[in-house]
Number of protein chains: 2
Amino acid sequence: MTDLNILGKQAKETAYQLSLMDTKVKNELLLHMADELEKNTDIILTENQKDLLQAKDNGITDTMLDRLRLTSDRIKEMAEGIRQVATLPDPIGEVEKMWKNEDGLMIGKQRVPLGVIGIIYESRPNVTTDAASLCFKTGNAVILRGGKEAFHSNKILVEVLQHALKQKNASPFAIQFVDDTSRETAQQLMKLNDYLDVLIPRGGANLIKTVLTTATVPVIETGTGNCHVYIDKDAQLKMATDIIVNAKCQRPSVCNAAETLLIHQDIAAEFLPVIEKALAEYEVELRADERAGAIFSRSIPATEIDWETEFNDYILAVKVVDSLEEAIQHINHYNTKHSESIVSDNYFATQQFLKQVDAAAVYANASTRFTDGFVFGFGAEIGISTQKLHARGPMGLAELTSTKYIVYGDGQYRK
Amino acid sequence: MTDLNILGKQAKETAYQLSLMDTKVKNELLLHMADELEKNTDIILTENQKDLLQAKDNGITDTMLDRLRLTSDRIKEMAEGIRQVATLPDPIGEVEKMWKNEDGLMIGKQRVPLGVIGIIYESRPNVTTDAASLCFKTGNAVILRGGKEAFHSNKILVEVLQHALKQKNASPFAIQFVDDTSRETAQQLMKLNDYLDVLIPRGGANLIKTVLTTATVPVIETGTGNCHVYIDKDAQLKMATDIIVNAKCQRPSVCNAAETLLIHQDIAAEFLPVIEKALAEYEVELRADERAGAIFSRSIPATEIDWETEFNDYILAVKVVDSLEEAIQHINHYNTKHSESIVSDNYFATQQFLKQVDAAAVYANASTRFTDGFVFGFGAEIGISTQKLHARGPMGLAELTSTKYIVYGDGQYRK
């Protein structure tokens, strides 16, 4: 079993050096890591092949296999991703605000790295280079613990990045990999309080749940999205249809895709047949409550489980509600506090929805699919937080930082 | 044993109502709570008497007894504290920034309450009204779990506040008290993930440590302060003496008091005798390393334990260092990341110290005693965070909030 205390100690020592590293140096190292990734395409593909063969032996689905597969184009994309991170402004060192207090002290709130970040994630190997580059840019040391499906791919990717660091006389401990996918090691990582400043799980609902109930280190909960679109009685038919089709079908496997459509009873009979037809192009399975089922030409009855499920698939639960209030109540009861949208021409209905719905992102007249660090303009995304502490919603570089107060005095002591 | 799930459920439901409550209504309720506290002075003093008698039976120290004691003046102060909170600006609803993204979406980052806050604290009953009023002002429901020494005092205080809420038809579940000081209940609170959004421990090092290693709910670590003052070779004697005397003696029991003095070897022989004399007025016990001990007229040898101890008393560890670098290294090794200060006329020495010392607040030429929400100008303080996630340093009202993105579209869907 890997001794995470050793990794932790190495990470902590390196984190201190990283916290003092100038932006220019960090950017040069990032660019070099990107170059080395491309240069080592062959060996990365060879290792990825091992994961693919094993996955096939385990009878993995084609979708999963595709998520796991690396190609030289995909490695190029990963390298480009790292280069993109190098171009982003460095939040570290920025003094958010500075003021003079009553004693004449100049007090500044300065951005500093968090320290050591742990990432527990599943399947997709591109998370490895994404997370590593974002943590590096923000002066944090990172300990990566990927899923067993992508073990060989993740391992070689980290080795290449570490090699690149060593070539430039930087500490390879800035980016470390847990060379062991056992449950015990994962549990140890979740309790590595002496070394980890934060642990970010990225993956499915089960992973998130395990981390939340096990970890004693600070966690940022990410990801699971049971998102809703509510079509109000004052909605426009075309806009409502466009938004729900987009929210459900543009990329159903992601966390900001919609899982449930709520629709006001006054317009259900007019709107639902049009929406059914539009969704039929994507062969969306409809799971409807009684009233919606009576309108649809084809649907199956929704169960209690359906209201709380993130399908991540071409499946949509549909419910007819009596009022805006019922829609809000349903959402606040079943949602995972991710992204929620109302479609309505009515000023007061949209204001009430934006105010009363509890979620990281609440939309009026737009698709839930926009909840994304890049779309929001952050230039990066380490995940989407669905908790309320530290960060909520899409997390960019700033969310990987902390602050310290720097105080300039001229001899003051407290009276 | 108290069933915390019931308290949690009540808190969560009430938190939603509180999140929508207008500032004016919250302020009126706070003022009414303050009035009711004063009006119920007699009954509060009667209950406090029970705690005092029990404390005497247990042979508690006079200092501790004083912290526990309520008087009509102290109750008046508590009420004034609540009135003060009512006058503070309400952070809830504030939109920190709003921008238009490439898709034409107007995206605003709005302050919302955290939800349900748990507070675990020791001894002083004024924490009860302080914490309750700050959480209430920020639209959060709070579950308070005080120490057994102040059980009767805390209980009656919460009952008075709840009574005040009920009189005005507001939910008493906004402020709840764990009517049970057992270890088991405390542990249950630390794992109440379904209901608690954050747990804030306020108390000594042992309490903090227990919470950190036990809790699975998000925690904000507060309080323990092993703070240092470093006197550089280019320091002014009077300024250095004023600052170390203030940092050590003005209020030694608090977390921002200094515990260790580090002094550059070049000025140790000149400065230490003057500092010894100044500290002698407060009968400060000096625990010195070999070089400092050779200069002092009276001191005892410092042990390894002394470097890591928060004395909270008139005791000061003293070490002579070869250089600024050694001072920084010592501080980063032994400190609790709270407050650190350098005294120096040298520009580069102060800049290096501010940059390289890892702590919530780092001072040049000022006493560590300034680390305080009121002194910093926040108008309130719920504690001083020594962790890096969510909040670092003194926490005011803003640190009891989260954010949500409110997004105004006009029919956008993702391409």
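A short reminder: the numbers here are calculations on the coordinates, not readings from a lab. Treat the numbers as computed from the prediction; the structure is a model and nothing was measured. Cβ placement follows ideal geometry from the backbone for every residue including glycine, while neighbour counts extend to all protein chains displayed.
A few comments on the model shown:
- Within a straight-line Cα-Cα reach of under 22 Å, A:Lys50 can be paired with the following lysines, leaving aside sequence neighbours fewer than 8 residues apart in one chain: A:Lys39, A:Lys76, A:Lys148, A:Lys155.
- Residue (of A:Gln352, A:Ile82, A:Gly373) at the positive-pole extreme of chain A, dipole from beta-carbon charges: A:Ile82
- Extents of chain A, taken as max minus min of Cα coordinates on every principal axis and listed largest first, are 69, 68, 36 Å.
- Projected label points at B:Glu270 and B:Phe296, each 7 Å from Cα along the beta carbon direction, are separated by 2.2 nanometres.
- Across the identical copies, the label point of B:Glu304 (7 Å from Cα in the Cβ direction) is separated from its matches by 5.8 nm, in order from shortest.
- Charge dipole (debye, nearest 20) of chain A; +1 at Cβ of Lys and Arg, -1 at Cβ of Asp and Glu: 1300 debye
- Label-point spacing for B:Ile43 across the identical copies (point 7 Å from Cα in the Cβ direction), in nm and ascending order: 7.6.
- Shielding score for A:102-108, defined as the mean number of other chain Cβ atoms within 10 Å: 4
- Minimum Cβ-to-axis distance in chain A for the rotation onto chain B, with residue, whole Å: A:His390, 2
- Charging the Cβ of each Asp and Glu at -1 and of each Lys and Arg at +1, and nothing else, the dipole of the protein assembly as shown about its Cα centre rounds to 300 debye.
- Globularity index of the protein assembly as shown, i.e. its alpha-carbon radius of gyration over 2.2 N^0.38 Å: 1.01
- Among A:Gly139, A:Pro125, A:Ile156 the positive-end extreme of the charge dipole of segment A:36-173 (Cβ point charges): A:Gly139
- Segment A:103-206: chymotrypsin sites (Phe, Trp or Tyr not before Pro) in DSSP coil with no more than 15 other Cβ atoms inside 10 Å: none
- Over segment A:227-370, relative contact order from alpha-carbon pairs under 8 Å, at least 6 apart, %: 34 percent
- For segment A:277-332, the list of trypsin sites (Lys or Arg not before Pro) that fall in a loop by DSSP and count at most 10 other C-beta atoms within 10 angstrom reads A:Arg298.
- Chain A - share of DSSP beta bridges that are antiparallel (%, nearest 5): 30 percent
- Helix runs (DSSP H) in chain A reaching 18 Å along axis by Cα, Kyte-Doolittle at least -0.5: A:4-19, A:151-167, A:265-280
- Label-point separation, B:Leu20 to B:Asp66 (7 Å along Cα→Cβ), nm: 4.9 nm
- Taking 0.36 nm per residue of separation and subtracting the current Cα-Cα distance, fully stretching the chain between B:Glu94 and B:Thr213 would add 39.3 nm.
- Simple point charges give the picture: +1 on the Cβ of Lys and Arg, -1 on the Cβ of Asp and Glu, and for segment A:17-122 a dipole about the Cα centre of about 200 debye.
- Computed packing ranks the peptides B:113-120, B:386-393, B:39-46 as B:113-120, B:386-393, B:39-46, most packed first, by mean other Cβ atoms within 10 Å.
- Beta bridges from DSSP with both residues in the protein assembly as shown: antiparallel share about 30 percent, rounded to the nearest 5.
- Shielding by other protein chains, B:237-248, mean Cβ within 10 Å: 2
- For chain A, the relative contact order works out to 17 percent when only alpha carbon pairs closer than 8 Å and six or more residues apart are counted.
- Position A:Ala269, label points 7 Å along Cα→Cβ, spacing to each other copy in nm (shortest first, one decimal): 10.2
- Spin-label zone in segment B:17-48 - amide nitrogen under 14 Å from a point set 7 Å from the Cα of A:Asn332 along the C-beta vector: B:17-22
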